[in-house]
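Read the structure below first, then the notes.
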Amino acid sequence: MGIFERFLSLWVALSILAGVMLGSALPGLFQAVAGLEIARVNLVVAVLIWVMIYPMMVQVDFTAIKDVGKKPRGLILTLTVNWLIKPFTMAALGWLFFRVIWADLVDPATAGEYIAGMILLGVAPCTAMVFVWSQLTRGDPNYTLVQVSINDVIMIFLFAPLTALLLGVSDVVVPWETLLWSVILYVVLPLLAGIATRRRLEASAASGVAVTEFLARMKPWSVIGLLATVILLFGFQAGTILAQPVTIILIAVPLTIQSYGIFALAYAGARVLRLPHDIAAPACMIGTSNFFELAVAVAISLFGLNSGAALATVVGVLVEVPVMLSLVWFANRTRHWFAAP
């Protein structure tokens, strides 16, 4: 799998192309797969993300988690970016592009829906894929798990108030089923499986070697899961991509600027705080990526399935994977900027 890791960006680009082509050629098949969901969480995508996350969960050492509290700066950075900066910069960028820069290209009512969709993405920080980005940057699995867990707890209390504030509405209803099933499928189940696997491996005579060899065998499956996820996500939206390419680009531009801008801000903060790279990289990835299932579910409940807000959240899904992979590449190339763990 060395060649796959070396040219991962190429394989992802080919997977995007394959997804769009297959989705346009076999729309019925992809619609059927898209319909396999619980509370807006697609079960097939959940399984693939589970495959990606599972090896990292095997690396989690519960005896070391208690030491995370001794290094709070990474948590402070993550929470500051997620809840005090990111929602407001997303709202500002949405207004700038759709009320000023793209004002002549989009009618005001539709522009307002696009802005709303962007805001929903900004208020929903990532829960699942961040484990993948952390693994690709050789992040500390124990610290990443704690970061995601604390972030999810805070989201329970802050998501609705922040969404209501930035959207200017008072009837925001959090889709608790989506939130609950996402946490169960993306965090709890792979974590339990990882704990059970690690205990079984550690029971062997050469426990350290057993864990290392197991992770080496699982590594190719993580990459395969990522590529399959990309094909599915772009296949689901192939019709929209081909029917509204200009609209997709208009929404993707501010979302891309937001992603790179937030990452740059968080990365600079990590350097100022002198974080080790295995904590800094995942902290910045959590702040940059989004909990798209939650954002899509709320957009549909507030504005409707065919609304501009729902479309904007879907574009967020399409933008995230290639952008985050480029940031993984950058984070790995700049490892020397940070102190060794």
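The values are calculated or read from the model by the stated rules, or taken from the named source; none is laboratory data. As the structure is a prediction and not an experimental result, all values here were calculated from the model. No Cβ is skipped: glycine too gets one built from the backbone with ideal geometry, and neighbour counts run over all protein chains shown.
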Inset, instruction - Kindly list the number of the only condition in (1) under 22 Å from M324 (Cα atoms); (2) surrounded by fewer than 20 Cβ atoms within 10 Å (Cβ to Cβ); (3) small (G, A, S) that fails for S182. - result: (2)
Inset, instruction - Would you check which residues across the range 313-341 are at pLDDT below 90 and among the basic types (K, R) and list them? - result: none
Inset, instruction - Would you point out the residue of the range 216-269, among those that are surrounded by fewer than 21 Cβ atoms within 10 Å (Cβ to Cβ) and among the aromatic types (F, W, Y), that is farthest from F97 (Cα to Cα)? - result: W221
Inset, instruction - Please list, ordered by first then second residue, the pairs with beta carbon atoms under 6 Å, 6 or more apart or interchain, first in the range 259-272 and in a helix (DSSP H, G or I), second crowded, with 21+ Cβ neighbours inside 10 Å and charged (D, E, K, R). - result: I262/K86
Inset, instruction - Check off (1) of a type outside the set (D, E); (2) farther than 16 Å from P254 by Cβ; (3) touching a residue at least 40 places away in the same chain (Cβ under 8 Å) for I156 and give me the number that stays unchecked. - result: (3)
Legend entry - Flag for V100 being surrounded by 22 or more Cβ atoms within 10 Å (Cβ to Cβ) and of a type in the set (V, I, T): no
Inset, instruction - Give, as residue ranges, the helices (runs of 4 or more DSSP H) completely inside the range 57-159 that count at least 1 residues that are within 17 Å of the chain's Cα centre (by Cα). - result: 73-80, 86-95, 108-122, 129-136
Inset, instruction - Would you point out the residue of the range 208-236, among those that are in contact with a helix residue (DSSP H, G or I) (Cβ under 6 Å, 6 or more places away or on another chain) and among the polar types (S, T, N, Q), that is nearest to V314 (Cα to Cα)? - result: T229
Legend entry - Close pairs (8 angstrom Cβ cut-off, 6 or more residues apart or separate chains): within 13 Å of L226 (Cβ to Cβ) and in contact (Cβ under 8 Å) with a residue 12 or more places away in the chain in the range 123-134, among the aromatic types (F, W, Y) and in a loop (DSSP other than H, G, I, E, B) anywhere: A128/F291
Inset, instruction - Restricting attention to the range 10-35, report how many residues are among the aliphatic types (A, V, I, L, M), assigned to a helix (DSSP H, G or I) and over 20 Å from G225 (Cβ atoms). - result: 3
Inset, instruction - Consider G139 carefully, then state whether it is closer than 20 Å to D278 by Cβ, at pLDDT 85 or above and crowded, with 19+ Cβ neighbours inside 10 Å. - result: yes
Legend entry - Within the range 13-49, considering residues that are surrounded by 20 or more Cβ atoms within 10 Å (Cβ to Cβ) and closer than 30 Å to F214 by Cβ, the one farthest from the chain's Cα centre (by Cα): S15
Inset, instruction - Select, from S204, S222, the only residue that is outside any helix (DSSP H, G or I), at negative phi and at pLDDT below 85. - result: S204
